[in-house]
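All remarks here apply to the structure that follows.
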Amino acid sequence: MNTINSTEKTEKKSFLSNIWVVIFGALFCNFLWGSATPAIKTGYALFEIQSGDTPSILLFAGIRFFLAGIFTEILGSIVQKRILVPRSLAAVRKISILALFQTVLQYFFFYGGLAHASGVKSGIMLATNVFASLLIAALIFHQEKLTPAKIIGCVIGFSGVVLINVIGKSDTAGFAWNGEGFVALSSIAYGFSSCLIKIFSKDEDTVLLSGWQFVFGGAVLIIAGLALGGHLAAVTPYSALLMFYLVFISACAYTLYGLLLANNPVSRVVIFGFSNPIFSVLLSAIFLHEQSQTGLVTLISLILVSIGIFIVNKAGLKKN
């Protein structure tokens, strides 16, 4: 029996370590994450949520992440062949802290900002979470060292963000505190959550932490949205399907990405992170009909941000 289980694990690892499985798997995860921006903005239209209706925006986000957390735990339990539930007050405390940064704050700002900024521009702005994570890890938590290569990557990446905000087209240039500003704040919250999950996962299962923080954070957003009078006006088969897709993004992408990281050198997987803003911008242009915002400045900004992400990831993983 032990021989059979050992053989199954070896075959599973061999499959997940295949270079083509890694390439397509990592790109698929980044495609899903990149598609979240246009999907959320489409959700606003389908559920008839106005840009200033913060309570309904919170409710929309809360439902998505509450359901995503449940599905993440179900998938994780199936993969690990055990029920993933917090078994101590310490675990609950860690999940609560993580939920505050990774779901409540991050997505309060992201969903709110996305209601006042274009999908194309938000896709580029959101890529700053890579650089925010590095700087917060290095300067506050001391989990990283700022090497010359990492600094260069950050400078190149941030220059792309500055470029599109300062000299972009008339419909992309400019910086609104409740639009691009909120998206930038969501990246900072993401940076803190990345450092916290690195600390907490030393003692707790990563999938358990992530899934349950979605549940906790989603519940907080739902309660806040309902308490403030939020509602989803147009619940139709199309809007329900859109919500299911958003849930699928969080649950499937996280589970698959976790499996790839568990069965490969980290550098082989995360190096494809540069494709996230590319997918986000392209899909926003197509599905949100924002082709007018994809001019030369946007292209240069996207290239700079992607190069910056590539350099930072490569510099941070040379030892692998």
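Quick one: in segment 145-272, what % of C-alpha pairs are over 17 Å apart?
Details: 6248 of 8128 pairs.
So the pairs more than 17 Å apart make up 77 percent of the total in segment 145-272.
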Legend entry - Phi-based couplings in Hz for segment 302-309 (Karplus 6.51, -1.76, 1.60; Gly and Pro marked x): 5, 5, 4, 4, 5, 5, x, 4
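Take every Cα pair under 8 Å in the chain that's 6+ residues apart, average their separations, divide by the length, and report that relative contact order as a whole percent.
Details: 503 pairs, mean separation 126.7, N = 320.
Relative contact order here is 40 percent.
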Legend entry - Percent accessible area from carbon and sulfur atoms, the chain, protein chains only, probe 1.4 Å: 71
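When you count, for each residue, the other Cβ atoms within 10 Å and take the mean per peptide, how do 41-53, 68-80, 302-314 rank with the highest first?
Working: 41-53: 17.5, 68-80: 19.1, 302-314: 22.2.
Highest to lowest by the protection proxy: 302-314, 68-80, 41-53.
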Inset, instruction - Provide the per-residue ³J(HN,Hα) series for segment 63-73, in order, calculated from phi with Karplus coefficients 6.51, -1.76, 1.60 and θ = phi - 60°, each as a whole number of Hz, with x at glycine and proline positions. - result: 4, 4, 6, 4, 5, 4, x, 4, 5, 4, 5
Legend entry - Estimated Rh, the chain: Kirkwood, alpha-carbon pairs, angstrom: 20.2
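With every protein chain kept in place and ligands, DNA and RNA left out, what is the accessible area per residue of the chain? Probe 1.4 Å, answer in Å².
47
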Legend entry - Size of electric dipole in the chain: Cβ of Lys, Arg +1 and of Asp, Glu -1, about Cα centre, debye, nearest 20: 960
Legend entry - Convex hull volume per residue in cubic angstrom - Cα atoms of segment 23-129: 133
Inset, instruction - May I ask you to evaluate 6.51 cos²θ - 1.76 cosθ + 1.60, the Karplus curve with θ = phi - 60°, for each residue of segment 237-251 and list the ³J(HN,Hα) values in order in whole Hz, giving x for glycine and proline? - result: x, 5, 5, 5, 5, 4, 4, 4, 5, 5, 5, 4, 4, 5, 6
Inset, instruction - Report the percentage of all Cα-Cα pairs in segment 198-320 whose separation exceeds 23 Å, rounded to a whole percent. - result: 55
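Given only helices, namely DSSP H runs of n ≥ 4 each adding -39500 (n - 2.57), what is the per-residue ellipticity at 222 nm of the chain, to the nearest 500 deg cm²/dmol?
Values: 14 runs with 238 residues, N = 320.
Taking each H run of at least 4 residues, the total per residue is -25000 deg cm²/dmol.
The values are calculated or read from the model by the stated rules, or taken from the named source; none is laboratory data. Nothing here was measured: the structure is a model prediction, and the numbers come from that model. Don't worry about glycine lacking a Cβ; one is built from the backbone with ideal geometry, like all the others, and counts go over all protein chains shown. Heavy atoms of the whole protein, side chains included, go into the accessibility calculation; ligands, DNA and RNA do not. Shrake-Rupley method; radii C 1.70, N 1.55, O 1.52, S 1.80 Å.
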